[in-house]
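These notes are about the structure you will find just below.
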Amino acid sequence: MSKTNEERLKKLFVRLDSMSYIKPDTIPDIPLYMDQVTTFMDEHLGHTKRYPDDKVLTKTMINNYAKNNLLPPPVKKKYSKEHMLMLIFIYYFKNLLSFNDIEELFRPITGEHFDNLSGLSLEKIYNEVFALEHGQMENLKADVKEKFNLATRTFQDAAPEDQEYLQLFAFICELSFDVYLKNQMIEMLTDQLREEHGDSSKKKK
């Protein structure tokens, strides 16, 4: 039996309520080998996977991040807590931006704050950024609810058997357009940083 749109929205909110970021105090303070890194990430970010067989991070992915200057190289094949924090940031950005854009965005972070014990550490930056999570989640849910309500007022003249799907389609389009615009803004800001830094490097995939 097909779900109603109201049931779909409730399921979306249950999923959102279950999502949270990795707290720094759960990350080991000792350096980890590659297998330990991938195991930790899968345990703590596995709930974000779309399909059970998806991988949060693989050895190949991590090696590619280091190769493309997104991640500082490991020390004696071990990854520090700072490496782990960078990998979490990369995880959230990798489906939005190219390697070249992520590298540009992270350039000041890796250059000035990675392994910085005397000034503003990467862990402090991570905490500041993710401290916004709770407020943003509530704002997101309110925005999603508003978009849903707008969508339910569309296609009032459609046949009853078509109306439910057409309103769902309108809702998905609203969400998609929102993501599209925000992605455009992120790319524009990254391009501004690149221009300010005078970077003329070729785009990486």
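The values are calculated or read from the model by the stated rules, or taken from the named source; none is laboratory data. Because the structure is predicted, anything quoted here is derived from the model rather than measured. For neighbour counting, all protein chains shown are included, and Cβ atoms are generated from backbone atoms with ideal geometry for every residue, glycine included. Only protein heavy atoms, including side chains, enter the accessible area calculation; ligands, DNA and RNA are left aside. Shrake-Rupley method; radii C 1.70, N 1.55, O 1.52, S 1.80 Å.
Determine the equivalent ellipsoid of the range 64-145 by diagonalising the alpha-carbon gyration tensor, then write out the semi-axes as square roots of 5 times the eigenvalues, largest first, rounded to whole Å.
Sorted largest first and rounded, they come to 26, 17, 11 Å.
Evaluated at 20 °C with a viscosity of 1.002 mPa s, what Stokes-Einstein diffusion coefficient in µm²/s does the range 160-199 have when Rh comes from the Kirkwood expression over alpha-carbon pairs?
After rounding, the answer is 174 µm²/s.
Rounded to the nearest 500 deg cm²/dmol, what is the calculated helix-only ellipticity per residue at 222 nm for the chain, with -39500 (n - 2.57) per DSSP H run of length n ≥ 4?
-21000 deg cm²/dmol
Taking one equal scatterer on every alpha-carbon of the range 11-74, how large is log10 of I(q)/I(0) by Debye at q = 0.24 1/Å?
-1.16
Post the alpha-carbon centroid distance, the range 54-90 to the range 142-165, in whole angstrom.
Their Cα centres are 43 Å away from one another.
Going by amide H atoms built from the backbone, whose H comes under 5 Å of the H on TYR79, apart from near neighbours?
LEU32, TYR33
Would you mind checking LYS67/LYS94; LYS10/LYS55; LYS94/LYS145 for any pair whose Cα atoms are more than 20 angstrom apart?
In this structure, LYS10/LYS55; LYS94/LYS145 exceed 20 Å between Cα atoms.
Mind ranking 12-21, 76-85, 103-112 by how tightly packed they are, going by the mean number of other C-beta atoms within 10 angstrom, highest first?
Working: 12-21: 11.8, 76-85: 18.5, 103-112: 16.3.
Peptide ranking by packing, descending: 76-85, 103-112, 12-21.
Please work out the Kirkwood hydrodynamic radius for the range 130-186, using every pair of different C-alpha atoms, and report it in angstroms with one decimal place.
When all Cα pairs of the range 130-186 are included, the Kirkwood radius is 12.7 Å.
Using the Kirkwood radius over C-alpha pairs as Rh, can you work out the diffusion coefficient of the chain via Stokes-Einstein at 20 °C, viscosity 1.002 mPa s, in µm² per second?
Diffusion coefficient, whole number: 109 µm²/s.
Within the range 96-205, what whole-number % of the accessible surface is contributed by carbon and sulfur, with the 1.4 Å probe and all protein chains included in the calculation?
Roughly 59 percent, rounded to a whole number.
What span do the alpha-carbon atoms of the range 87-202 cover on each of the three principal axes, reported in whole Å from largest to smallest?
64, 34, 20
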